[in-house]
Amino acid sequence: MNETHAYRAVGRCRLMAVALRLMLLAGTMPMAALALGMPKAAARADDSAIVVASPPTFRVVLPRSSAERPISGRLYLFFSQRTGREPRFGPNWFRPEPFFRVDVSAMAPGSSQLVDDRAAGFPDVLSKLPPGTYRVQALLDHDFYYQHHALGPGNLYSEVKTVRIVAGPSSTATADRRSDDDSRNPQPAETGPSTTETNSPADGSSSSPGQSPLSLVLDRVVQPRPLPQNRWLHPVQLRSERLSQFHQRDVIMRAMVVLPASYEHAPDRRYPVLYVIGGFGSTLERMARRYRNGPPPVAEGQAEFIRVLLSGNCKWGHHVYADSATNGPRGTAFVQEMVPHIDQTFRTIAQPTARLLTGHSSGGWASLWLQVRYPRHFGGVWSTAPDPVDFRDFQQVNLYADPPQSLYFDPAGHRRPLARQGEEPVLWYQDFARMDDVLGRGGQLRSFEAVFSPLDDRGLPKRLWNRTTGRIDPHVAQAWQKYDIRLRIQRHWPKLEPHLRGKLHIYMGTLDTFYLDGAVRLLAHTLQQLGSDAEVRMIEGASHSSLLSGELVSHIRRQMSDTVARHHPEAVAPVAPAPATDPAAEPVQPPKAHTQGKPASHRSTIVISR
């Protein structure tokens, strides 16, 4: 593959269909890109573009006006040949464009950072960026909470500049291929020399052959996005003692409470609680939008719920409410701090039988994990399209195979796909893993390692696979076993069975976009062998995004209501007229058409029920 081909997007035009469909579930799925819009036009040669000779170099300036103290974090350069959104919102998972990263330690106000071939780069080093016209933008990510660099309040970024890379002498620089780090433990060898602000032009002047590197000035700040608040929507912020102690800093847990329509009219009434966990990349801001005009309407005779929206968003990606060596005691803090706080603050039925869980994708895995890990605390889980629940099929890779398998290639040497549209592969493990590693913290695959892996001698999550060959490290895979939901159920079934009876409900499409269906089939088989009464439904023809049809949503709601009514009949009562809802509110009636794949139905290939 030549250098130009290496910079082509992973997908072609056919990927836009799946990309736009995935936007329907933005914020509630594991692999939702933040920049999945159709490009308006490719960047064209522009006489006003700043000319930069190849191999290009850039100097990113941190002006004194932007920071009061030195900053440690990740410095990115994003390039784009598309118009529309600013480059900093990349990379687009299905159509990635070049970007580069330097880890900076105590970057002082008034200094600058050189970005050259020592920067980690996707799909290759900076000197191999093909000649052409690009929009380029710098961003310094030092926020603690947000998975996506463009959303973290306080992160600094530059204006967008249009540059024209022209052919020049070949670069002899050697790239440093290390691809992840933690600001707690920065790697100085990855960073270029810092100079004072006065040693490089900070006005963005042209950089032609023989001149200084082009300067990009970090003079803009990502502003906080306020959570909506009204009589239904109530933001919750709670300092976690456990997480604060782990991270040696104040850590605030956040949630958004959606009150039922009758809440203010029935001051003596108490309500069951439904915890809703968003998928990879979800934010409370995005999740709350669908409820801005009120909760969804409730059918007669069904229970009204207090909904508690949770994103799982963290710097490493999605912490999935599991205690881990990297993210800290996320599950314990949720169960022992957030849940009691909700019960004390709102009129809940503060009993496990009135405390339910649901989620999609990473949120589907998180909700199922919480039910299995804390079976006495919750009264049931409705998990849709969960991330791998059986590590014998980790998106088609058996992590326990002997000899170890490759994440990148199957036994026949063919590339392993990571995503598909229908039955056609559209994304490949090796390409995606490279992009994910250059992102470092915040990528989907590295997020798995941050949850499931122990720490290495640098204090970072151990790598599951060799980044060159894709070979699985069996020692790391063995450490992952404690998070294998199927294995946990199987090993602890005698103790778990009484507390999981009637509580497990799992739904998956047979054509899941990210090949998550294989693991659910294996889990279903294990549950069947154990004699579990779990409900596992494989919805024929449904993809990751089309799984949540109106029919399935209505089915889940009825089951949740019935579950609560069995223990708390007082929770099911005539409801007050629901407020008018906007089109983004949860549907009550099935839609007329599905977004991808064959029409979803309940003609299930696997149904376990008793």
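Points worth noting:
- Some residue of the range 105-114 being under 30 Å from residue 418 (Cβ atoms) and touching a residue at least 40 places away in the same chain (Cβ under 8 Å): no
- Extreme residue, nearest to residue 465 (Cα to Cα), among residues of the range 408-431 that are open to solvent by less than 30 Å² (accessible area, probe 1.4 Å) and aromatic (Phe, Trp, Tyr): 408
- Checking each residue in the range 99-111 for being open to solvent by less than 10 Å² (accessible area, probe 1.4 Å) and either farther than 26 Å from residue 68 by Cβ or in contact with a Lys or Arg (Cβ under 8 Å, 6 or more places away or on another chain) (or both) picks out 99, 100, 101, 102, 103, 104, 110.
- Residue list for the range 270-289, filter: under 15 Å from residue 303 (Cβ atoms) and touching a helix residue (DSSP H, G or I) at 6+ places or on another chain (Cβ under 6 Å): 272
- Any hit, the range 327-348, residues being among the small types (Gly, Ala, Ser) and open to solvent by 10 Å² or more (accessible area, probe 1.4 Å): no
- Test for residue 537: is it open to solvent by 10 Å² or more (accessible area, probe 1.4 Å), farther than 19 Å from residue 373 by Cβ, of a type outside the set (Phe, Trp, Tyr) and part of a helix (DSSP H, G or I): no
- Just one of the numbered conditions (1) modelled with pLDDT of 95 or more; (2) open to solvent by 80 Å² or more (accessible area, probe 1.4 Å) is not true of residue 258: (2).
- Matching option when the condition is open to solvent by less than 40 Å² (accessible area, probe 1.4 Å), over 19 Å from residue 496 (Cα atoms) and outside any helix (DSSP H, G or I), among 561, 532, 545: 545
- Helices (runs of 4 or more DSSP H) wholly inside the range 322-398 that include at least 1 residues being farther than 24 Å from residue 246 by Cβ and of a type in the set (Gly, Ala, Ser): 362-373
- Tally, over the range 215-255, of residues that are β-branched (Val, Ile, Thr) and either assigned to a strand (DSSP E or B) or under 21 Å from residue 276 (Cβ atoms) (or both): 4
- Selected residue (criterion: surrounded by the most Cβ atoms within 10 Å (Cβ to Cβ)) from residues of the range 510-529 that are in a loop (DSSP other than H, G, I, E, B) and polar (S, T, N, Q): 513
- Criterion: closer than 17 Å to residue 397 by Cβ and either of a type in the set (Asp, Glu) or touching a residue at least 12 places away in the same chain (Cβ under 8 Å) (or both) - qualifying residue of 501, 537, 486: 486
- If you go through the range 286-310 and keep only what is free of Cβ contacts under 8 Å to residues at least 60 places away in the same chain and not hydrophobic (A, V, I, L, M, F, W, C), you end up with just 307.
- Condition check for residue 96: of a type outside the set (Phe, Trp, Tyr), modelled with pLDDT under 95, more than 23 Å from residue 68 (Cβ to Cβ) and open to solvent by less than 20 Å² (accessible area, probe 1.4 Å): yes
- Here residue 505 meets the list (1) assigned to a helix (DSSP H, G or I); (2) closer than 17 Å to residue 533 by Cα almost entirely, failing just condition (1).
- Residues in the range 520-566 that are of a type in the set (Lys, Arg) and either over 13 Å from residue 386 (Cα atoms) or over 27 Å from the mean Cα position of the chain (by Cα) (or both): 3 in all.
- Residue in the range 278-292 that is over 21 Å from the mean Cα position of the chain (by Cα) and surrounded by fewer than 23 Cβ atoms within 10 Å (Cβ to Cβ) present: yes
- Test for residue 442: is it modelled with pLDDT under 95 and either of a type in the set (Val, Ile, Thr) or within 22 Å of the chain's Cα centre (by Cα) (or both): yes
- Scanning the range 209-221 turns up one or more residues that are polar (S, T, N, Q), over 32 Å from the mean Cα position of the chain (by Cα) and modelled with pLDDT under 90.
- So residue 394, is it more than 24 Å from residue 419 (Cα to Cα) and touching a helix residue (DSSP H, G or I) at 6+ places or on another chain (Cβ under 8 Å): no
- Close pairs from the range 346-361: first farther than 30 Å from residue 447 by Cα, partner surrounded by 22 or more Cβ atoms within 10 Å (Cβ to Cβ) and modelled with pLDDT under 95, Cβ under 7 Å, at least 6 apart: none
- Apart from one condition, residue 434 fits all of (1) open to solvent by less than 10 Å² (accessible area, probe 1.4 Å); (2) outside any loop (DSSP other than H, G, I, E, B); (3) in contact (Cβ under 8 Å) with a residue 40 or more places away in the chain; the exception is (1).
- For the range 525-548, a residue qualifies if it is among the hydroxyl-bearing types (Ser, Thr, Tyr) and farther than 11 Å from residue 509 by Cα, and the qualifying residues are 526, 532.
Table: residues versus (1) buried (at least 17 other Cβ atoms within 10 Å of the Cβ); (2) charged (D, E, K, R); (3) more than 20 Å from residue 443 (Cα to Cα).
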position	(1), (2), (3)
57	yes, no, yes
71	yes, no, yes
77	yes, no, no
88	yes, yes, no
92	yes, no, no
113	yes, no, yes
121	yes, no, no
126	yes, no, yes
136	yes, no, yes
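- Selection over the range 398-423 of residues that are touching a residue at least 60 places away in the same chain (Cβ under 8 Å) and within 21 Å of residue 94 (Cβ to Cβ) gives a count of 9.
- Complete set of residues in the range 241-251 that are touching a residue at least 24 places away in the same chain (Cβ under 8 Å) and either surrounded by fewer than 17 Cβ atoms within 10 Å (Cβ to Cβ) or more than 22 Å from the chain's Cα centre (by Cα) (or both): 241, 242, 246, 247, 249
The values are calculated or read from the model by the stated rules, or taken from the named source; none is laboratory data. The structure displayed is predicted, hence computed values, not measured ones. As a convention, Cβ positions derive from the backbone with ideal geometry for all residues, glycine included, and neighbour counts pool all protein chains shown. The area values use the complete protein model at the heavy-atom level, side chains included, leaving out ligands, DNA and RNA. Shrake-Rupley method; radii C 1.70, N 1.55, O 1.52, S 1.80 Å.
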